[in-house]
1. Please get the size of the charge dipole for region 274-326, origin at its Cα centre, with Cβ charges of +1 on Lys and Arg and -1 on Asp and Glu, quoted in debye to the nearest 20.
2. Sort Thr115, Thr164 so the one with the fewest other Cβ atoms within 10 Å of its own Cβ comes first.
3. I want to check the label-to-label distance for Leu200 and Ala454. Put each point 7 Å from Cα in the C-beta direction and report it in nm to one decimal.
4. I need to check one value: relative contact order of region 39-228, counting alpha carbon pairs closer than 8 Å and at least 6 residues apart, in percent.
5. Apply the Karplus parameterisation 6.51 cos²θ - 1.76 cosθ + 1.60, with θ equal to phi minus 60°, to every residue of region 238-246 and state each ³J(HN,Hα) to the nearest whole Hz, in sequence, with x for glycine and proline.
6. Normalise the Cα radius of gyration of region 344-449 by 2.2 N^0.38 Å (N = residues in it) and let me know the number.
7. Excluding Val197 itself, calculate the net charge of residues whose Cβ lies under 15 Å from the Cβ of Val197, where each Lys or Arg counts +1 and each Asp or Glu counts -1.
8. Along the charge dipole of region 234-480, pointing to its positive end and built from +1/-1 on Cβ of Lys, Arg, Asp and Glu, which listed residue (Gly411, Val261, Val301) has its Cα farthest out?
Amino acid sequence: MDSSTVRRRVVAGFAWEGVSKAIVQTASWVSTLFVARLLAPTDYGLMATAGVFIGFLLFVTEMGLSQGLIQSKTTDARQEDGIFYLSLLVGALSYAALYAGAPAVAGFYRMPLLTDLLRVAGATLLLASLTTVPLAIALRRLDFRYRSLVQMAAGLASMLTVVTMALHDLGVWSLVGGTVAHHLVLALGYLPVLRRVPKLQFAWRETAAILNFGLQVTGNRFLNALWSRADVFIIARVLGERLLGFYAMAYQLSSMPLDKVGSIFNQVLFPSVARLQEHAEETRRLFLDMHRVLLLIGFPVLTGLALTAADAVHVLLTEKWSPIVPLLQGLCLVNMLRLSGMVLPPVLYARGRPGLMTLYNLGMLLLLPVAIFVGMEYGVVGAVYAWIAAYPLMYVVLLAFSLRELGLPLGRFLASTLPALAATALMAAAVAAVQQRAPDAPLLRLMLAIATGALVYGSMLLVLYRGKLRNLRSEIRRLKQGRRLPKQAPDAAPATVAAEPDRGGSPS
């Protein structure tokens, strides 16, 4: 696939992903805030604990097979059919293991209801196994339009299910129902991509490379899950489900820019970089452009959320959630750096370097859980301190790996962060000044802060990008017309390419 085709599909991908995420993001914020007023913190604590175990088994079920299929230069029906049934078999075995082990997990955490929660929510393992191959087929084609529509339908179905069940006083089962509905719609949406009933056949020789790459990806995702969700493991055991519920809500709110905005860039960047491996400078430009735009979108959201946390929680979630304010502020701070880090793993995987991600994940696994254990001396806020202390150290390592792989100077990378940093700093100063002078009325102060932040930040963007905005229309028109970009000398990149499926953006 030539670079001009990839660029056209990147533009189209951002358009479709952006529209679908905007719709789902808006509905998600509204439904999250609404449901949080109906449910108790313990409900979120129980679901967070169940979600960790199901998340681990989802990695096992998928086995990186979607990534392996997309990494392969060519695939055939025999390979796809064999992988389809292999994924289905592993999903069934994973669910059986979860069903049998649920009482032991509930006993360890002293949460009796966890047994039933795990057994019901575990149905997502079977549903997820059905999407492995059709999702890979869609991403091999860079068909972001189809993927966006399916994701949007799944997100809206999940939110409607959660809200409906919460209104009927079903408590934590509302969250379980939303999770199952999400995966059900994904399965129903992706299966038609196959356009056939898979035959029970398996090509071992042709599939060996796919399986080998997939297992490397699975190992890395498993390591990533161990360190990234060590906070839930430890808080659930040491502090119980109520304090975990506060932490889970703060984590969910602070992670929305990562999940809803960062995932767009993650999912588009991975297959796009993979298809541009023979165009080194084009790859670097694409990476820097996406990193710059990601920060321009995410930094003001996280900064604004941190500045207005006290008023926002009081107005939108009620006082029962007031303990999450310092947690939310601290997590927003560390998530500004995590947002930048989201575009680094796709580069390494797309360039065929999963070993570097293994080193990074092992480093985080050694650092973060230890830091969290130490932080428990300070209660639940100690987990936030642990993130702030540990993540920046390994971010530097991951950044070094990625820049070296791209052949990109550090100064050029840092320059891509300056517009977002400058505009966000000015916005933060303006919002803080307004908050100091605003009346002591949380709703009014919150509205003034939001209006001020939007006005100042929007004005800064117009100043910084006035010329580029004028050229945007002609650039999109050029890409639509399919004019080819000048050919570049091939880079010494690996011969294979990779892309990541729906679950989790790029492999971690």
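1. Working: 5 positive and 6 negative charges, 9 e Å.
Value, rounded to 20: 40 debye.
2. Thr164, Thr115
3. With each label placed 7 Å out from Cα toward Cβ, I get 5.8 nm.
4. Working: 245 pairs, mean separation 67.8, N = 190.
Reported relative contact order: 36 percent.
5. Values, residue by residue: 8, 10, x, 6, 5, 5, 5, x, 4 Hz.
6. On the way: Rg = 19.5 Å, N = 106, 2.2 N^0.38 = 12.9 Å.
My calculation over the Cα atoms of region 344-449 gives 1.51.
7. Values: positive: Arg78, Arg195, Arg196, Lys199; negative: Glu80, Asp81.
It works out to a net charge of +2.
8. Of Gly411, Val261, Val301, it is Gly411.
Where a number appears in this text, it was derived from the coordinates with a stated rule and is not lab data. In this text the structure is predicted, and so the values were computed from the model without any measurement. In this analysis, Cβ positions are derived from the backbone assuming ideal geometry, glycine residues included, and neighbour counts consider all displayed protein chains.
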